[in-house]
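The values are calculated or read from the model by the stated rules, or taken from the named source; none is laboratory data. It should be emphasised that the depicted structure is a prediction, and the values quoted were computed from it without experimental measurement. Backbone-built Cβ (ideal geometry, glycine too); neighbour counts: all protein chains shown.
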Amino acid sequence: MPVAPLGPFTGAILLGVVQGLTEFLPVSSSGHLVLFQQFIDVGNDQILFDLVLHVGTLIPVLWYFRDQVRQVLTDPFTGSGPMLQREGVRLAALVVLASVPTAVIGLGFEDLFEQLFSAPAALAVTFAITGTLLLFTKRFDDGSLTVHNTPWSYAIALGVAQGLAITPGISRSGTTLAVALFLGLNREFAARMSFLMSVPAIAGAVLLKGLKADWTQVDAAPMLLGGVSSMVVGYLALTFLVMIVRNGRLSLFGYYCYGAAVVAAALAFLR
């Protein structure tokens, strides 16, 4: 496997930037990491390094949506009205419900999906699927569903979509945002729901990767650089994407995904 002439520090920063951008922008972080890792060696156990990158992208979600996180934590105790009609409680219930099918799919099929779809030839197909989903979003106007009237079954559908996005090349944020818009959620709530759903999903991935990682292979400096770069770039990417979703321009990323599919197909051909 060819390795780019990059030192571990430069490679770690680059992969952190890639993770930070692609975890939130709807272009598939797993697919991009597979492509970039064809050429870059950061000198760490790869599972452990991926874990640190995921932690780096979990922090921006918690900070950006800190008001909603605070509401989820406090509404059960200080909110008014029936329990399930309190905004924070209902939001938490929707996220928990969505997390069930995500966990079932992730625990049952993650290794299989990664084995089947981690080759560049397969990425050409999965990137194209993501691009098609995103392009279809421009056919849908802003919906009317919010946290107060989104059916519970829609949360399950979003959880299934998020679970299937463990496939490299299928964007988690792109898939959940597209499905949310298809179901009629308004853009603001679609973005909020998509990224808050990612918190238990990313936390679960971190836990699983932590159990599989070889902790004797820790190289602290590159891992720290990768984690910090993914956190900083991730926050900027998250802020940018929420603005894009509010403006109804999510479909623009579909063209990028088609470009990524072409690159993956070219790599498969050259190999």
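For the reader, a short list of remarks on this structure follows.
- Those residues of the stretch 181-199 which are surrounded by 17 or more Cβ atoms within 10 Å (Cβ to Cβ) and not hydrophobic (A, V, I, L, M, F, W, C), in sequence order: G184, N186, R187, R192, S194, S198
- One residue from N186, N247 being polar (S, T, N, Q), touching a strand residue (DSSP E or B) at 6+ places or on another chain (Cβ under 7 Å) and at pLDDT 90 or above: N186
- Qualifying residue in the stretch 213-220 (condition: more than 27 Å from A92 (Cα to Cα), free of Cβ contacts under 8 Å to residues at least 60 places away in the same chain and assigned to a helix (DSSP H, G or I)): yes
- When F189 is tested against (1) over 16 Å from the mean Cα position of the chain (by Cα); (2) among the aromatic types (F, W, Y); (3) closer than 21 Å to A12 by Cα, exactly one condition is not met: (3).
- The lone exception for A220 - which of (1) under 18 Å from the mean Cα position of the chain (by Cα); (2) farther than 22 Å from F127 by Cα it fails: (1)
- When the stretch 221-270 is filtered for residues that are of a type outside the set (K, R) and not in a helix (DSSP H, G or I), the ones remaining, listed by number, are N247, G248, L250, S251.
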